[in-house]
Every structure is written in structure tokens, then in C-alpha cells.
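Okay, so here's the structure we're looking at.
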Amino acid sequence: MRAVKSRDTTPELIVRALLRRFAPFYRLHRKDLIGNPDIAYVGRKRAIFVHGCFWHGHECARGARMPKANADYWRAKIERNRARDAANAEKLRTAGWRALTVWECELKDLEALEARLREFLQS
């Protein structure tokens with residue numbers, strides 16, 4: 001697991017490339033914010049998390065697949081990730097921030113993702 005990156009992943013780079021077109025002034029991996037969001041617009045109080053479907057237990061085909069080896073470990077780990085993500089989103093909401101989660105599988109339709117990002121940043 002040492003080889004698994006937590007920042008500057010391919011899905012994150014794709015989202016950042018989309019955002020550079022219409023909202024380029026973002027901050028990366030702000031440790032002073034709750035949950036350390038991948039992308040943050042501090043002035044707008046907007047946080048964007050880019051999640052891998054497997055690692056964060058998404059409901060898609062890739063996220064629902066469980067490894068056969070050491071299944072108890074992986075099930076517990078993914079559940080901890082989901083609980084932490086939900087707690088961080090709630091803490092951000094109570095602090096006055098709006099958070100958006102972009103899932104890895106959503107990158108298949110970049111036009112829809114761009115529209116979703118635009119709507120999130122303009123609201």
C-alpha cells in the first residue's frame with residue numbers, strides 16, 4: 001500500500017484540469033481545513049474531495065468489489081474511510097463550508113462533471 005498515492009492522483013489531476021478552465025484560483029490539500037480537502041476555494045468556502053471508488057466504498061461496480069484475500073481487513077478499512085468522510089463533511093457543513101465529492105467513476109463523462117463543478121462553485 002506504500003505505492004498508493006494520496007495526492008496528485010490521476011483523477012485529481014483531471015478534475016484540476018477541468019477547474020483551471022473556469023475557476024483557476026484554488027488551493028490544494030489545505031491541512032488547516034477539516035478533512036484536508038483535495039481542492040479548496042477558501043474565499044467561497046467550497047471544498048472538493050476527489051475519491052477513488054474502491055478506497056472510499058462507492059456504490060458503483062468498482063467500489064462494490066471486495067478483495068477475496070483478507071476480506072475482513074478491507075471491509076473494516078473501507079467502512080472506517082466512509083465514516084471518516086461522512087464526519088468530515090458534517091464538520092465542514094457546521095463550519096459554514098460546502099463540500100462536493102467527485103468519484104473516480106464520474107470521470108467517464110467529463111461534460112457532465114464540468115457542469116456539476118460549475119453549478120457547485122456558482123451556488
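The values are calculated or read from the model by the stated rules, or taken from the named source; none is laboratory data. Bear in mind that the values here come from a model prediction, so they are computed numbers and not experimental data. Cβ atoms come from the backbone with ideal geometry, glycine included; neighbour counts cover every protein chain shown. When the accessible area is computed, the model is the full protein with side chains, heavy atoms only, and any ligands, DNA or RNA have been set aside. Shrake-Rupley method; radii C 1.70, N 1.55, O 1.52, S 1.80 Å.
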Cα centroid separation - segment 5-43 against segment 82-100, whole Å: 16
Mind listing which trypsin sites (Lys or Arg not before Pro) in segment 45-123 are in a DSSP loop and have 14 or fewer other Cβ atoms within 10 Å? 45, 65, 68
For residue 68, the aspartates and glutamates lying under 20 Å Cα to Cα, once residues fewer than eight places off in the same chain are dropped, come out as 59, 79
Of every hundred units of 1.4 Å-probe accessible area on the chain, the number belonging to carbon and sulfur atoms, as a percent, is 52
About the Cα centre, charge dipole magnitude for the chain (Lys/Arg +1, Asp/Glu -1 at Cβ), debye: 380
Residue 31: which aspartates and glutamates have alpha carbons under 16 Å from its alpha carbon, excluding same-chain residues fewer than 8 sequence positions away? 8, 85
As a test of the formula, what do you get for the chain when each DSSP H run with n ≥ 4 contributes -39,500 (n - 2.57) and the sum is divided by the residue count, at 222 nm and rounded to the nearest 500 deg cm²/dmol? -14000 deg cm²/dmol
Specify, per residue and in Å³, the volume enclosed by the convex hull of the alpha carbon atoms belonging to segment 16-117. 107
Roughly how big is segment 4-75's charge dipole about its Cα centre, with Cβ charges of +1 (Lys, Arg) and -1 (Asp, Glu), in debye to the nearest 20? 240
Leaving out ligands and nucleic acids, and using a 1.4 Å probe, what accessible area per residue does the chain come to in Å²? 63
Stokes-Einstein D for segment 20-66, Kirkwood Rh over Cα pairs, 10 °C, 1.306 mPa s (µm²/s): 131
